[in-house]
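Trainee: Sharing a structure below in structure tokens format, with a few things to ask.
The values are calculated or read from the model by the stated rules, or taken from the named source; none is laboratory data. Keep in mind that this is a model prediction, so the values were computed, not measured. Counting neighbours? That spans all protein chains shown, and the Cβs are built from the backbone with ideal geometry, glycine included.
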Amino acid sequence: MPPKQNFTKVSIAKVRGTSQTLQQDALATEEPLEIRLGFFENGKRIHRPVSITMRTPGDDFALAAGFLFTEGIVKSPEQIERIKFCGLPASENLQNTVRVDLRSDVAVDLKKLERHFYTTSSCGVCGKTSIEALQTGACHLEFKTSPIFSAATIYGLPETLRSGQSVFDCTGGLHAAALFNSNGELKIVREDVGRHNAVDKIIGAQFLNEKFPLAEKLLFVSGRASFELVQKALMAGIPILAAVGAPSSLAVELAEKFGMTLLGFVRDNRFNIYAGAERITI
């Protein structure tokens, strides 16, 4: 089955002043993705749904792997036996369910799975039972002076990210996340209707391709910097999170607690440093 498009053509009536014209428009595709986990319990393989997220189709295997990694379910790609689409062969929704089968010797902490079942495209933290559980597994960043990013490099991030947003060019309706090195070079970018999904796609791709650690990288996201995005970056060992929009109070609190650099309002040759100013030079 061919992959689904990440944008959809629709017919619209465009109104300008007193005139109306009929034409085609492109919308970002939004569909549910169920992530199922296959693991062994008492010598028998069990398949269990662990999350439903509204996402833009594409990079679904990386999204599933990134989600499981940032949730602390898997720690290395070697623990994954296979990732596959599953469902009834005749079903149109075959590619809306991904199953990640773990190897028989991988132990699964079911309590971690209980804190995240339903995720909307706008808020990845919905359904998590406690802040204490969210913080479990996050890494304290030891080297507060590494890596070093100049303000000039930070200023250039929005334009570089924008140049890599191919689907946004068509639809104007997607979030994006990207990894940069200290020279401002774009290493990977992913788009999705959900910020947290775009981040999971990036982390999952790096995870599956054994590109860890990410200790010398900066994660840049469109929109705001939420608590969950800080948590995901910490799980991947990323020391700097920068956002076009504002951070939440809890995002700043978590960044300070674990030694992360957190930047907000990165646009128009300006930004605010909310935590970890030691990594930024002016």
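Trainee: State all residues of region 1-49 that are modelled with pLDDT of 90 or more, surrounded by 16 or more Cβ atoms within 10 Å (Cβ to Cβ) and among the β-branched types (V, I, T); if no residue qualifies, say none.
Mentor: Hit for region 1-49 is I35, nothing else.
Trainee: Just a yes or no: is a residue in region 233-243 within 18 Å of E159 (Cα to Cα), without any contact (Cβ under 8 Å) to a residue 60 or more places away in the chain and not basic (K, R)?
Mentor: Scanning region 233-243 turns up at least one residue that is within 18 Å of E159 (Cα to Cα), without any contact (Cβ under 8 Å) to a residue 60 or more places away in the chain and not basic (K, R).
Trainee: Any residue in region 34-57 that is under 17 Å from V193 (Cα atoms) and aromatic (F, W, Y)?
Mentor: no
Trainee: Return a yes/no flag: does region 230-252 have any residue that is part of a helix (DSSP H, G or I) and of a type in the set (S, T, Y).
Mentor: Looking for residues that are part of a helix (DSSP H, G or I) and of a type in the set (S, T, Y), one finds at least one in region 230-252, hence yes.
Trainee: Determine which member of the set V100, V74, V108, V50 is part of a loop (DSSP other than H, G, I, E, B) and under 21 Å from the mean Cα position of the chain (by Cα).
Mentor: Among V100, V74, V108, V50, only V74 is part of a loop (DSSP other than H, G, I, E, B) and under 21 Å from the mean Cα position of the chain (by Cα).
Trainee: Filter region 259-275 for residues that are crowded, with 19+ Cβ neighbours inside 10 Å, closer than 25 Å to F207 by Cα and out of contact with any Phe, Trp or Tyr (no Cβ under 6 Å at 6 or more places or on another chain) and give the result.
Mentor: M260, T261
Trainee: Considering only region 179-216, how many residues are in contact with a Lys or Arg (Cβ under 7 Å, 6 or more places away or on another chain) and assigned to a loop (DSSP other than H, G, I, E, B)?
Mentor: 3
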